[in-house]
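The numbers here are math on the coordinates, done by the rules we state, and not lab data. This one's a predicted model, so the numbers in the text were calculated from it and none came from an experiment. Positions of Cβ are generated from backbone atoms using ideal geometry, with glycine treated the same way; all protein chains shown enter the neighbour counts.
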Amino acid sequence: MAELPKAYEPKEVEKKFTRKWKESGIYKARVVPGKQPYVIVVPPPNITGSLHMGHALNWTLQDVLIRTQRMLGKEAFWVPGTDHGGIATQNVLEKKLAKEQHVTRHDLGREKFLEIMWQWYKDCGNMILTQVEKMGWALDISPENVRFTMDEKRAAAVYECFKQWWDKKYIYRGKRMINWCVRCNTALSDIEVEHSEQKGKLYHIRYAGADGGKGIVIATTRPETIFADAAVAVNPKDDNYKNLAGQKVKIPLTDRIIPIIEDEDVELGFGTGALKITPAHDPVDYVIGQRHNLEAISVISDKGKMINCPAKYLGMDRDTCRKETVKDLDAAGFLVKEETHDNAVGVCYRCGSAIEPYLSEQWFVKMEELCAPVIKAAEEEELKFYPSRWKTPFLNWLKNIQDWCISRQIWWGHRIPVWYCTSCSKDGLTFTADKQGNKQITKISFEHGAKPLVSHDKPAKCPSCGGHDFVQDPDVLDTWFSSALWPISVFDWPEKTKELEYFYPTSTMVTGYEIIYLWVARMVMTGLDFTGKLPFKDVFLTSIVRDKTGKKMSKSLGNVIDPLDLTEKYGTDAVRFSLLTQAVLGKDIPYAEESVVGSRNFCNKIYNASRFILMNAGDIKGPLKMPAKPKELADAWILDRYNCALQTAKEQTLKFNMAAASNALYHFLWNDFCDWYIELAKQRFETDREYVVSLLVNILYGTLKALHPMMPFITEEIAGVLKPLTGSDKEFLLQDSYPLHDETRFNADAVKKMELIKGVISAARTVRSEFNVPPGLKLNISFKTEDAGELKIITEHADYIKLLCKIENFSAGKTAVKKPKSATAVFSNVTAYIELEGIIDIEKEKARLGKNIISAKANIDNRRARLSDERFIKNAPPEQIEKVKTELAAEELKLSSAQSALKDLA
RNA sequence: GCCCAGUUGGCGCAGCGGUAGCGCGUUCCCUUGACAUGGGAAAGGUCAGAGGUUCAAUCCCUCUACUGGGCACCA
């Protein structure tokens, strides 16, 4: 042991255990009838991704829970998998193809493109999982255990869900105003649209009367859509526009005549009070349009280009067209005014482009029936959120929900399992040739007669006409559709597997709050709908890891920290621990590299404490049992502190408060165990070595066990080294035993006594330090106290004090001989006189005592005032009054000691 | 606009009815055989502001001011 390095070196240790754990399959979970399972399904990362700090935090939290529960004796199963990631993944590959091969997916065609996507999945799809090992996460990533949202079993679940919902008429196709991303070229659901506040302009535009009159001035932020106008609307209650309804105006820059109508949805007082109605490009206008039977004219294509408009603007990009239109309106005298206007613009959550409200036929899931039981579960708190404040927004969202648009016009994803007979559905189908000349279905219109056949595979025969030629719906499902099924699909639902029966419902869902609606809500919907059971009861919403200034980490800001770089530099345990100590429930983490340094130092502290204990164990033979009884005060005290730390660590972990859990262990080990107990134990190695070592080893081992879920490598490494002393040769994870605190070992009396000794020592040390007493110099100190109890404690533990204060001559009594050149220090009812012949600086000591006198006086005044307040005496609990009295006495002692010391110096 | 969080020493954060703690940083002393990735000590805060409840408020209530976040069709 002596030749071991002085500092902990994580690299080799991590390598060793990573290999060992992989080979031993230590992370595998099995169906064990009768044993209680604990299950977390991993939020499947997109296959585009590499690991970022968010994962590092999130997955470490899951890992701590899994390991803890396993050590608590449960069959803990952490289910791994990846997500195909729909639009996000397709975007990444499209960009890659454009950059490397200068081709679009349309150049390649659907089939070829999908081939490339699948190849990507095979090559890189599990990339993120290989990073799992480096983080020490207890996840069994052997290929047969890793699920993928688009593999065969998951596809079966997706089909079953679609089929059941179709049969229940939850799934339907409808023509609606949906959110369209002109860049990704697909519909999006409402929650996939993010709103960003943008400084825009409100343009006031005059629509001249059709009869040549003055007409009306409208206000709009989107002048390029005037070509799609079907009317101008005013509020019937608007006194400025009385009796205008029925009049006609002309759209500027065109010859088109539209009516003025009245509608209550027009807000009084906004803009000019007159609203142009563009049913095809605005959700509100669409509703108004339907009410008034207005035509919906599209002037912006699915690619964001102008159509159905004056020739000049045809084919123009929507943004360019806005500028041009404004210019032309101004030139022609129609532009009345421009004012700045802040506007919340909807943008695509995947690419950030402005969302276009777009009228089209899409697939939807009806939400009403699916949401009702979710609302009930959340309201009755069968489904619980940590932190709980998410309950309200969750419920609000569910209660105001719109039907879920599930069709996406991309290629990467689960294809909608709907087929059309080319002869029966002929009128509702539109085909065009793709770039390869293959006939491709481009539009399906139920309105025009497309008849759906829901089937996983191509149907053999058309049930109505007997035809054999079918085409499949070209759209794919929202990627969240398969994610929604994750807690059941990972166990191969709809098959009735024994895993499903044993491991479902899962226990805890650990995920970021940013996907509470996108994902969490929908998992609960499917779980309740298909199994009648909540997929999980606890939702632990984790924080966002930000940069040290509190900004979100992003590639564009260049403030991204790679967790793997940090593990290289400081070791995995340090990275994990630094995240955990900051993981306060409901609080984002501003992450600075300094915090890993702190945790790295902690690893080193653990390592060196262990090294020291081992060194002093010498030839003692294990296994060493935890002594049944404390022999000395310090033993009783450290056992109390140890117990307390274990209790806190466990309780807080199970309450998802990892910061409290990890900090309890950190401070116990460093401050109590190392700074005080080991220091005091040093003097007992000569006299009582075996006993002290037994206590040290067992407390250390128990602490390592409690730390293991947080720092798996270093704890296991040291446990291995301690093996001859502990006799434990099983890995912590296989021991099924979390170190339990022991009620009999709480010892308030010992804690109180030890606090006195620590306080006295600290007071004396302060004097040493303030007068720069050379470290080698041993002092003569006399302690004086009239408190018999405290005197007894001091006297009985003179050796503690002598050791830690470096005392040559120690005396304690009710009175004490104070040498003239002494400094005075007070703690509780004990006054210490520290001889400083030749060292003491009289002026300095006077100043010090003067300061003490001032503070003591202030404290005395404060306590006296309180004690003389009869309302306080009448109302405060007796123990509180006692406390203040004790404090008063202590302050009075401090004052009188300082005063008399000052007198002696004069 | 509505809702929710936050505002505590230089910085980052805990705490939460009995006048404040941690980590980092700062200053001083120390290579005392586990650890300088260390030890000992010190300085530094009227707990955002104003009211209220209470014997007592950083902690509970109300309002205000900032800072984040969620939701919302205001063109």
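I need the calculated FRET efficiency for the pair A:Lys214 and A:Thr340, taking r as the beta carbon distance and R₀ as 22 Å, to the nearest 0.05.
0.25
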Fill in: Positive dipole terminus of chain A, leading residue within A:Phe17, A:Leu725, A:Val510 (C-beta point charges)
A:Leu725
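Quick check: residue separation of A:Lys99 and A:Thr497 times 0.36 nm, minus the Cα distance between them. What number comes out in nm?
Values: separation 398, 0.36 × 398 = 143.28 nm, distance 4.51 nm.
Full-extension gain reported as 138.8 nm.
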Worksheet entry | Proxy reagent accessibility, fewest Cβ within 10 Å first, across A:Thr703, A:Thr572 | A:Thr703, A:Thr572
Worksheet item: Label points 7 Å out from Cα along the Cβ direction at A:Thr531 and A:Lys163: separation in nm?
Response: 2.0
Response to the item:
With label points set 7 Å from each Cα along the Cα-to-Cβ direction at A:Thr392 and A:Lys112, the distance between them in nm comes to 5.6
Item to complete: Can you give me the P(r) profile for segment A:11-112? Cα pairs, bins 10 angstrom wide beginning at 0, each as a whole percent.
Response: 12, 29, 27, 18, 12, 3
Practice prompt. Could you work out how far apart the two model spin labels at A:Lys883 and A:Met626 are, taking each label as a point 7 Å from the Cα in the direction of the beta carbon, and quote it in nm?
Written response: 3.0
Item to complete: Once you have the Cα-Cα distance between A:Ala245 and A:Ser554, take 0.36 nm times their residue separation minus that, and quote the gain in nm to one decimal.
Response: 106.0 nm
Discussion item. What aspartates and glutamates does A:Lys28 reach when the alpha-carbon gap must be under 19 Å and sequence neighbours fewer than 8 apart in one chain are set aside?
Written reply: A:Asp63, A:Glu75, A:Glu133, A:Asp140, A:Glu144, A:Asp492, A:Glu499, A:Glu501, A:Glu716, A:Glu731, A:Asp736
Worksheet item: When DSSP assigns beta bridges and you keep just the ones with both residues in segment A:418-478, what percent turn out antiparallel, to the nearest 5?
Response: 100
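Name the GluC sites (Glu not before Pro) in segment A:794-888 that are in a loop by DSSP and that have at most 16 other C-beta atoms within 10 Å, would you?
Numbers: sites: A:Glu796, A:Glu808, A:Glu835, A:Glu837, A:Glu843, A:Glu845, A:Glu870, A:Glu879, A:Glu882, A:Glu887; in loops: A:Glu837.
Here the sparse-neighbourhood loop sites are A:Glu837.
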Worksheet, complete the sentence: Violations at 26 Å Cα threshold for listed pairs A:Lys399/A:Lys548; A:Lys134/A:Lys605; A:Lys15/A:Lys552; A:Lys169/A:Lys496 -> A:Lys399/A:Lys548; A:Lys15/A:Lys552
Response to the item:
Among segment A:10-29, those whose backbone N falls under 16 Å of a label point 7 Å along Cα→Cβ from A:Asp562 are none
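Just the C-alpha atoms of chain A: what Rg/Rh do they give, with Rh taken as the Kirkwood radius?
Numbers: Rg = 37.1 Å, Rh = 33.5 Å.
Taking Rg over the Kirkwood Rh, I get 1.11.
Beyond a 27 Å Cα-Cα separation, which of these cross-linked pairs lie in this structure: A:Lys11/A:Lys650; A:Lys778/A:Lys819; A:Lys20/A:Lys153? Display every interim value, and only then the final one.
On the way: A:Lys11/A:Lys650 29 Å; A:Lys778/A:Lys819 16 Å; A:Lys20/A:Lys153 31 Å.
Cα-Cα > 27 Å for A:Lys11/A:Lys650; A:Lys20/A:Lys153; rest within.
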Practice prompt. Give the residue from A:Tyr691, A:Ser388, A:Gln101 lying farthest towards the positive end of the charge dipole for chain A; charges sit on Cβ (+1 for Lys and Arg, -1 for Asp and Glu) and the dipole is referred to the Cα centre.
Written response: A:Tyr691
Worksheet item: At 222 nm, what helix-only mean residue ellipticity would chain A give, in deg cm²/dmol to the nearest 500, using -39500 (n - 2.57) for each DSSP H run of four or more?
Response: -13000 deg cm²/dmol
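Going down the table (A:Lys366/A:Lys537; A:Lys821/A:Lys846; A:Lys201/A:Lys323; A:Lys587/A:Lys705), which pairs top 21 Å between alpha carbons? All intermediate terms of the calculation are to be shown ahead of the outcome.
Numbers: A:Lys366/A:Lys537 24 Å; A:Lys821/A:Lys846 12 Å; A:Lys201/A:Lys323 11 Å; A:Lys587/A:Lys705 27 Å.
Result: A:Lys366/A:Lys537; A:Lys587/A:Lys705 exceed 21 Å.
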Worksheet item: Considering the zone a paramagnetic label at A:Asp904 would reach in this model (a point 7 Å from Cα along the Cα-to-Cβ line), which residues of segment A:815-834 have amide N under 13 Å from it?
Response: A:815-826, A:831-834
Fill in: Net length gained if the chain between A:Gln402 and A:Lys323 were fully extended (0.36 nm per residue, minus Cα distance)
25.0 nm
Discussion item. To make sure I understand, if each residue's beta carbon is the centre and we count other beta carbons within 10 Å, what order do A:Ser423, A:Ser599, A:Ser298 fall in, fewest to most?
Written reply: A:Ser423, A:Ser298, A:Ser599
Practice prompt. Calculate the length of the line joining the C-alpha centroid of segment A:830-850 to that of segment A:411-485, in whole Å.
Written response: 93
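Would you mind ranking A:Thr432, A:Thr581 by Cβ crowding within 10 Å, fewest neighbours first? Before the final figure, lay out the partial values.
Values: A:Thr432 10, A:Thr581 22.
Final ranking by Cβ density, sparse to dense: A:Thr432, A:Thr581.
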Practice prompt. Might you report the magnitude of the Cβ-based charge dipole of segment A:48-149 about its Cα centre, with Lys and Arg at +1 and Asp and Glu at -1, to the nearest 20 debye?
Written response: 160
Item to complete: Just need log10 I(q)/I(0) for segment A:797-906 at q = 0.10, 0.14, 0.16 Å⁻¹, Debye formula, equal scatterers on the alpha-carbon atoms, no solvent, rounded to two decimals.
Response: -0.38, -0.67, -0.81
Fill in: Estimated FRET transfer efficiency (A:Phe431, A:Met127; beta-carbon r; R0 45 Å; 0.05)
0.70
Discussion item. Taking the 0 to 90 degree range and rounding to the nearest ten, how far is the long axis of helix A:658-667 tilted relative to the main principal axis of chain A, both from C-alpha atoms?
Written reply: 20
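So, with +1 on the Cβ of K and R and -1 on the Cβ of D and E, and no other charges, what is the size of the charge dipole of segment A:615-675 about its Cα centre, to the nearest 20 debye? Could you put the intermediate results ahead of the total?
Working: 7 positive and 7 negative charges, 53 e Å.
Its charge dipole is roughly 260 debye.
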Worksheet item: By DSSP, what percent of the beta bridges with both residues in chain A are antiparallel, rounded to the nearest 5?
Response: 70
Item to complete: Find how many whole Å separate the alpha carbon centroid of segment A:497-561 from the alpha carbon centroid of segment A:765-808.
Response: 56
Practice prompt. Rounding to the nearest 20 debye, state how big the charge dipole of segment A:463-570 is about its Cα centre with +1 on each Lys and Arg Cβ and -1 on each Asp and Glu Cβ.
Written response: 640
Discussion item. I'd like to know which of A:Pro5, A:Leu500, A:Leu202 lies farthest towards the positive end of the charge dipole of chain A, counting +1 on Cβ of Lys and Arg and -1 on Cβ of Asp and Glu.
Written reply: A:Pro5
Worksheet item: For the Cα atoms of chain A, what angle does the longest principal axis make with the long axis of helix A:152-167, in degrees from 0 to 90, nearest 10?
Response: 60
Practice prompt. Between beta-carbons, use under 14 Å as the cut-off and find the net charge around A:Leu624, counting Lys and Arg +1, Asp and Glu -1.
Written response: +1
Discussion item. Between helix A:878-905 and chain A, what is the angle of the helix's C-alpha long axis to the longest principal axis, kept within 0 to 90° and rounded to the nearest 10?
Written reply: 50
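Can you give the FRET efficiency for A:Ser24 and A:Asp457, using 1/(1 + (r/R0)^6), R0 = 45 Å, r = Cβ-Cβ distance, to the nearest 0.05? Display every interim value, and only then the final one.
Numbers: r = 42 Å, r/R0 = 0.93.
After rounding, the FRET efficiency stands at 0.60.
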